[in-house]
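Novice: Pasting a structure here, questions to come.
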Amino acid sequence: MNKNRHSFMLAFIAIISTTSLNLFASATTQAPLLQQLPLVNHFPSLAHKIAYTPLGLLPTPLEKQAQAAKMLQIETLFIKRDDLSGALFGGNKVRKLEFLLGQATAEQANHVVTWGQPGSSHIAATAIYCHQLGLPCTCMYLPIPNQPQNERNLQLTKDHGAIEESYRGFGAREQALYKKNVSHRQQTGKSMFFLPEGASDVLGALGFVNAVCEVAEQLKNEQEPFPDYIYILSGSSGSAAGLLAGLDLMNIKTTPVIVALTPDAYLNQQRDKIEKLYTMIMQFIMHLDLRINTYKEPQNTVLYRHGFTIQSEKQLQITAARTQALCLEQLNYKLDPVFATRLWSAFLLDCTAELLHNKRVLLWNTGSLATA
């Protein structure tokens with residue numbers, strides 16, 4: 001067996017769960033939808049083994065910005081416009097929910113439960129797309145100090161009929177969740193369908209494995225080689241882990257640059273979380289088809305360069321206003337103050353340091369990027 005291949009036999013026990021068995025039983029009815037997925041185009045054997053429901057406006061545009069590249073002294077700049085991923089609600093959550101809510105639909109779930117910060121993109125997106133699918137949704141909140149709440153997302157969550165509940169701590173929430181699920185199962189004969197915070201588990205991360213396949217097809221159609229660097233923002237780890245796994249499954253050599261949404265509470269917190277989820281994705285893919293080459297750890301050199309320490313967090317904050325002004329003046333783009341600004345600030349810091357001189361770069365934009 002190839003030395004890069006997995007032989008995690010113990011992982012089979014963890015992965016062969018009720019959920020994964022349901023994947024085999026239910027995905028066959030979705031084969032026509034799955035045939036359209038870039039993931040299935042590249043790995044046809046997965047067509048009958050995963051569940052999926054279309055929610056987003058995919059593929060999202062891949063823009064080539066020649067003027068900006070020249071100004072920044074890099075060879076090529078691509079912008080992956082995932083801010084345009086959904087008519088109802090865009091960003092990176094749509095890709096994840098296509099697989100998670102696809103599984104919920106395949107299991108004929110009758111209630112979805114998730115948790116997170118009030119006003120988060122994940123909560124709003126889950127409420128919106130559950131409403132679109134006719135799935136009742138409960139959002140369970142925990143108090144998070146010093147975290148500003150997005151008023152627009154709060155309103156969207158309410159407008160789409162989500163049941164909102166607040167708890168003092170993890171223990172109270174877990175106890176309520178257990179009781180709620182037992183009662184629901186007694187009344188309906190079904191367990192609730194649980195979505196993790198940030199939609200960041202193996203199924204959610206498949207959305208970004210699929211996204212890598214999508215970009216590869218777009219670049220091939222444009223007869224463009226793959227970029228030297230890919231910048232992506234990471235909060236709950238699912239997008240970044242899916243990106244790393246997708247690159248390796250497609251055997252694409254590049255340098256992913258992971259930008260932290262929030263600084264680490266302890267050393268290497270985000271990296272460990274991403275790489276743990278990467279391993280779980282690979283185990284899952286191996287379980288679905290042993291013929292697909294999978295790996296124990298990321299094969300590309302991954303740069304965790306921005307926002308992971310207090311010092312680099314301050315650098316991003318200092319750069320933010322300059323980044324917004326530069327993008328508005330030179331590119332006519334108005335950046336949202338959190339997601340897009342953070343990603344572009346990290347990118348511009350590396351341009352200033354000449355890390356990217358004469359390199360090909362892709363910015364995976366998930367925040368709002370509006371023409372001013």
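The values are calculated or read from the model by the stated rules, or taken from the named source; none is laboratory data. Fair warning: this is a prediction, and the values are worked out from it, not measured in the lab. Positions of Cβ are generated from backbone atoms using ideal geometry, with glycine treated the same way; all protein chains shown enter the neighbour counts.
Novice: Quick one: is residue 251 outside any helix (DSSP H, G or I) and out of contact with any Lys or Arg (no Cβ under 6 Å at 6 or more places or on another chain)?
Specialist: Yes, satisfied.
Novice: When residues of region 80-102 are filtered for being outside any loop (DSSP other than H, G, I, E, B) and surrounded by 23 or more Cβ atoms within 10 Å (Cβ to Cβ), how many remain?
Specialist: So the count comes out to 12.
Novice: Identify the single condition in (1) of a type outside the set (A, V, I, L, M, F, W, C); (2) without any contact (Cβ under 8 Å) to a residue 24 or more places away in the chain; (3) in contact with an Asp or Glu (Cβ under 9 Å, 6 or more places away or on another chain) that residue 324 does not satisfy, given that it satisfies every other one.
Specialist: (3)
Novice: Could you list all residues from region 340-372 that are modelled with pLDDT under 95, of a type in the set (D, E, K, R) and under 24 Å from the mean Cα position of the chain (by Cα)?
Specialist: None; the set is empty.
Novice: When the residues of region 246-293 are filtered to those that are of a type in the set (Ser, Thr, Tyr) and surrounded by fewer than 23 Cβ atoms within 10 Å (Cβ to Cβ), which remaining residue is modelled with the lowest pLDDT?
Specialist: 262
Novice: Just for region 293-316: of the residues that are in contact with a strand residue (DSSP E or B) (Cβ under 8 Å, 6 or more places away or on another chain) and among the β-branched types (Val, Ile, Thr), which one is nearest to residue 237 (Cα to Cα)?
Specialist: This residue is 302.
Novice: As an exercise: evaluate residue 323 against (1) among the β-branched types (Val, Ile, Thr); (2) more than 21 Å from residue 77 (Cβ to Cβ); (3) surrounded by 20 or more Cβ atoms within 10 Å (Cβ to Cβ) and give the number of the one condition it does not meet.
Specialist: Failed condition: (2).
Novice: Among what's in region 224-279 and is touching a residue at least 24 places away in the same chain (Cβ under 8 Å) and among the aromatic types (Phe, Trp, Tyr), pick the residue that is nearest to residue 214 (Cα to Cα).
Specialist: This residue is 226.
Novice: Out of region 47-58, which residues are closer than 28 Å to residue 121 by Cβ and either crowded, with 19+ Cβ neighbours inside 10 Å or free of Cβ contacts under 8 Å to residues at least 24 places away in the same chain (or both)?
Specialist: Those that are closer than 28 Å to residue 121 by Cβ and either crowded, with 19+ Cβ neighbours inside 10 Å or free of Cβ contacts under 8 Å to residues at least 24 places away in the same chain (or both): 50, 51, 52, 53, 55, 56, 58.
Novice: Still on this structure, I have one more. Any residue in region 128-153 that's farther than 22 Å from residue 87 by Cα and free of Cβ contacts under 8 Å to residues at least 24 places away in the same chain: show its pairings with residues that are polar (S, T, N, Q) and surrounded by fewer than 20 Cβ atoms within 10 Å (Cβ to Cβ) at Cβ separation under 7 Å, as long as the two are six or more apart or on different chains.
Specialist: Once the first residue is farther than 22 Å from residue 87 by Cα and free of Cβ contacts under 8 Å to residues at least 24 places away in the same chain and sits in region 128-153, no partner that is polar (S, T, N, Q) and surrounded by fewer than 20 Cβ atoms within 10 Å (Cβ to Cβ) comes close enough.
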